[in-house]
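**Q** Here it is: the structure, laid out below.
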Amino acid sequence: MTASELIAFCKEHQVILGTLFSGSGVVFTTWIYRKFFKSETVPSPQPSISVSGNAEKIMQGNTNSTVTFGDRFDQKNQTLGVQNIAETIHIGVPFEQYTADLADKEKEVRKLLVDAALSDQEKQCLAIELAEVEKLRFDEKSSYLTHIKDLKERISRLDQFTGQISDQLIKDAKKALTKDDKDQAGKLFEQVKEQTSTHITAAAEAEYQLGKLAEDQFRYQDAYRHFQRATQLAPENTDISNAAGLTAQVLGQYKIAIEHYESGLARDLNNFGKDHARVAVYHNNLGLAWDMLGHYKQAIEHYEFALTSDLKTYGNAHPSVATVRNNLGLAWFSMGEYKKTIEYCNSALASDLRISGENHVSVARDRNNLGLAWKALGKPEKSIEYFTLALTSNLKNFGKHHPRVASDHNNLGSAQEYLGEYNRAIKHYEMALTIGIESLGEMHPSIAIYHNNLGGAWKSLDEYKKAIKYYDLALVNALKSLGAKHPSVAIYRDNLGRAWQSLGEYKKAIENHELAYSTFETSLGTEHPNTKNSKNSLTLAKKKLQVSSNSNR
């Protein structure tokens with residue numbers, strides 16, 4: 001499997017993003033994290049949010065038609081601190097409660113995920129919730145500021161409905177949102193729905209606000225239902241179109257997301273023209289949705305529109321521009337154009353270094369992506385340089401027990417394995433495994449990745465029994481956390497099959513390859529590279545069994 005096929009598969013599955021190299025079976029740890037752009041009265045910069053992984057793409061969210069997008073920066077282009085924001089606007093729960101609530105939510109979801117009685121669909125929904133919680137926890141300061149700004153914007157939206165909604169109801173709803181009291185706010189917006197049957201725009205706003213509250217609580221299917229009803233009531237409201245698209249994308253409904261984005265894009269093009277920041281947001285999000293569907297040329301077209309617009313709006317040295325360049329680089333990576341990946345990611349890195357400084361998370365993200373591209377070009381020594389710099393930065397930012405640090409060790413291990421330095425690779429994979437278990441728990445999908453990669457390294461050393469041990473651990477984890485029909489489960493079964501082949505245990509190999517092939521065929525189709533590779537492995541195992549049987553007669 002080529003590296004471009006690796007990332008293509010990685011992007012198709014949001015929960016455990018990464019796939020198999022045909023040779024070593026290395027799986028990269030790479031998650032996709034979204035950036036929501038929030039309201040300001042003038043265009044201003046916004047920092048990119050990156051999370052554990054080396055192939056990050058960023059979605060963008062917009063607000064209503066009277067504002068532009070961006071997190072607030074001071075004159076030195078530094079993000080305003082949590083304390084300053086809280087003191088200025090007095091909205092939402094304290095930062096400490098926000099982080100504690102996220103930690104509690106993560107524990108709750110992890111506990112539910114190991115319930116053997118859950119259906120695959122229920123596990124899939126929980127896995128989406130877990131992935132979203134992890135995104136917020138990765139950079140809690142940034143996600144907290146984004147949440148506070150989002151609450152502020154949702155409160156300010158209510159002023160336009162004076163005369164359509166009772167003054168007292170507006171006052172109470174504002175108070176509930178200011179306190180971040182989701183239950184009370186939900187009850188109040190249900191009352192708004194009941195009282196606004198003759199005011200369509202107010203009814204649409206109530207559905208929108210209910211959707212945002214559901215999103216706050218990680219109830220994405222409920223959120224989408226509210227946003228969908230809101231778009232039906234107010235199809236001209238492009239904020240709602242974008243919110244519906246973002247939520248559909250979280251749920252993996254990329255074609256539906258594209259419909260919402262295209263609807264909003266058409267209206268904003270008409271309202272603001274092709275070079276407006278809102279239009280760039282839609283192009284970026286359309287690029288990401290097409291990217292996730294594997295339509296990379298269409299994705300690149302939209303990313304290029306976004307980049308051209310953002311360059312005109314913000315200039316060269318701006319986080320939005322770096323974000324889109326990062327996305328462009330990774331889209332070209334998917335097409336096997338690694339030199340173009342390096343070109344765009346180098347530009348993103350140079351911009352992020354000027355704006356944010358050496359140790360910002362976006363700089364580590366860019367370096368990880370450059371490491372991935374150099375490795376794909378057959379330059380593992382160069383990739384090790386970038387992975388090491390990313391690791392150094394993340395150690396300073398997050399300490400040695402963070403999932404991002406585990407991911408960096410995993411990627412360093414993969415580069416060492418490429419060089420044939422299997423013992424060094426094993427040390428990095430073991431570090432990744434230890435840190436991952438400490439920070440994520442034993443049943444997180446990333447732990448399955450680390451087990452799998454350890455298995456691959458031991459297999460390269462002809463230690464097939466050790467390889468099988470780790471592949472088995474990866475499979476057990478993935479079955480519990482992702483369900484039997486997830487493609488990652490098929491990856492681990494195929495790797496087990498190859499290890500059993502190496503030991504001459506062809507029946508066991510065939511059993512694993514047949515299960516893997518069936519899963520790939522169902523989930524990815526017969527023409528997907530993973531499906532074809534699995535079929536080839538199955539055919540080879542059957543031939544070897546036949547030869548072995550004939551020789552024993």
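Only the coordinates and a few stated rules stand behind these numbers; no lab work does. Please read all numbers here as calculations on a predicted model, not as lab measurements. Here Cβ is always computed from backbone atoms with ideal geometry, including for glycine, and neighbour counts include all displayed protein chains.
**Q** Express in nm, to one decimal, how much length is gained between residue 140 and residue 201 on full extension, taking 0.36 nm for each residue of separation and deducting their alpha carbon distance.
**A** Values: separation 61, 0.36 × 61 = 21.96 nm, distance 3.41 nm.
Roughly 18.5 nm would be gained on extension.
**Q** Then there's this: With θ taken as phi - 60° and the coefficients 6.51, -1.76 and 1.60, list the Karplus ³J(HN,Hα) couplings across region 352-358 in order, rounded to whole Hz; mark glycine and proline as x.
**A** Per residue, the Karplus-derived 3J(HN,Hα) values read 5, 5, 5, 7, 10, x, 4 Hz.
**Q** What is the distance in Å between the Cα centres of region 506-553 and region 263-291?
**A** Taking the Cα centre of each part, region 506-553 and region 263-291 sit 45 Å apart.
**Q** Something else about it: Tell me the volume per residue, in Å³, of the convex hull enclosing the alpha carbons of region 341-438. Walk me through the numbers on the way to the answer.
**A** Numbers: hull volume 7.0 nm³, N = 98.
Taking only Cα atoms, region 341-438 has a hull volume of 71 Å³ per residue.
**Q** For labels at residue 253 and residue 183 in the simple 7 Å Cα→Cβ model, what's the distance in nm?
**A** 2.9 nm
**Q** Using modelled backbone amide H atoms (1.01 Å from N, in-plane), which distant-in-sequence or interchain residues come within less than 5 Å of residue 179's amide H?
**A** The list, which skips near neighbours in sequence, is 92.
**Q** Follow-up. Once you put a point 7 Å from the Cα of residue 117 and another 7 Å from the Cα of residue 543, both along the Cβ direction, what distance in nm separates them?
**A** 4.9 nm
**Q** Using 29 Å as the Cα-Cα cut-off, could you pick out the over-long pairs in 141/400; 111/459; 141/182? Mind showing how you got there, number by number?
**A** Working: 141/400 19 Å; 111/459 33 Å; 141/182 21 Å.
As for pairs spanning more than 29 Å Cα to Cα, those are 111/459.
**Q** Along the Cα-to-C-beta direction of residue 401, a point sits 7 Å from the Cα; which residues of region 411-440 have their amide N less than 12 Å from that point?
**A** Counting backbone N atoms under 12 Å from the label point, the list is 435-440.
**Q** Using a Förster distance of 35 angstrom, determine the FRET efficiency expected from the C-beta separation of residue 354 and residue 297, and round it to 0.05.
**A** Values: r = 31 Å, r/R0 = 0.88.
So, using R0 = 35 Å, E works out to roughly 0.70.
**Q** Could you list which residues have their amide H under 5 Å from that of residue 218, counting only those 5 or more apart in sequence or on another chain, with H placed in the peptide plane?
**A** Residues meeting the amide H criterion: none.
**Q** Roughly speaking, what is the stretch gain from residue 507 to residue 317, that is 0.36 nm per residue apart minus the C-alpha to C-alpha distance, in nm to one decimal?
**A** Working: separation 190, 0.36 × 190 = 68.40 nm, distance 5.85 nm.
Full-extension gain reported as 62.6 nm.
**Q** Would you kindly state how much longer the chain becomes between residue 335 and residue 427 on full extension, computed as 0.36 nm times their sequence separation minus their alpha carbon distance, in nm to one decimal? Intermediate results must be reported in sequence, preceding the final value.
**A** On the way: separation 92, 0.36 × 92 = 33.12 nm, distance 3.17 nm.
Answer, rounded to one decimal: 29.9 nm.
**Q** Can you check what the net charge comes to around residue 457, using other residues whose Cβ is under 15 Å from the Cβ of residue 457 (Lys, Arg +1; Asp, Glu -1)? Intermediate values should be presented prior to the final figure.
**A** On the way: positive: 424, 427, 459, 465, 466, 469, 498; negative: 417, 421, 430, 462, 463.
Surrounding charge for residue 457 is +2.
**Q** Sticking with this one: Averaging over every viewing direction, what projected area does the convex hull of the Cα atoms of region 131-205 cover, in nm²?
**A** On the way: hull surface 22.0 nm².
Computing the convex hull of the Cα atoms and averaging its projections yields 5.5 nm².
**Q** Note down the nm distance, to one decimal, between modelled labels 7 Å out along Cα→Cβ at residue 236 and at residue 377.
**A** Between residue 236 and residue 377, the label points sit 5.1 nm apart.
**Q** If I take R0 = 41 Å and measure r between the Cβ atoms of residue 552 and residue 385 in this structure, what FRET efficiency does the formula 1/(1 + (r/R0)^6) give, to the nearest 0.05?
**A** The value I calculate is 0.20.
**Q** Normalised by the number of residues in region 90-199, what is the relative contact order in percent for Cα pairs under 8 Å and 6+ residues apart?
**A** Values: 66 pairs, mean separation 36.1, N = 110.
That works out to 33 percent.
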